[in-house]
Amino acid sequence: MTTREMIEALRVEMMMMAEERGSLLHPDVIRISQKLDVLIGQVQQAHFQAYRAKLMRNKWLIRPLWASFYRYKSRAARLSRYYF
């Protein structure tokens with residue numbers, strides 16, 4: 001069973017338990033919710049590590065936003081002198 005399938009199974013179990021117990025604050029529902037939080041955290045950590053690995057391989061792709069903004073701003077200023 002994959003992590004995503006486990007997350008979906010726990011989510012369904014948590015919803016059924018909450019309906020059955022009549023409260024989201026019941027200790028059984030909270031216990032399942034905590035297990036779900038751990039699994040979701042693992043998935044998010046894996047996605048973040050993959051994202052960082054991709055960025056580290058392609059550092060030349062990373063460019064600060066302000067650098068491109070000022071480059072286009074100065075180009076627009078130059079063009080505006082010729083056309084207006």
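Label sites at residue 5 and residue 50, each approximated as a point 7 angstrom past Cα along Cα to Cβ, lie 1.8 nm apart. The residues packed around residue 21, meaning those with a beta-carbon under 15 Å from its beta-carbon, carry a net charge of -3 if Lys and Arg are +1 and Asp and Glu are -1. When a 1.4 Å probe is rolled over the protein heavy atoms, the share of accessible surface on region 2-52 that falls to carbon and sulfur comes to 59 percent. The listed residues 26, 47, once ranked by accessible area (1.4 Å probe) with the largest placed first, stand as 47, 26.
The values are calculated or read from the model by the stated rules, or taken from the named source; none is laboratory data. Because the structure is predicted, anything quoted here is derived from the model rather than measured. Cβ sites come from the backbone with ideal geometry, for glycine too, and all protein chains shown count toward neighbours. Ligands, DNA and RNA are stripped out before the accessible areas are found, and what is left, the full protein with its side chains, is counted by its heavy atoms. Shrake-Rupley method; radii C 1.70, N 1.55, O 1.52, S 1.80 Å.
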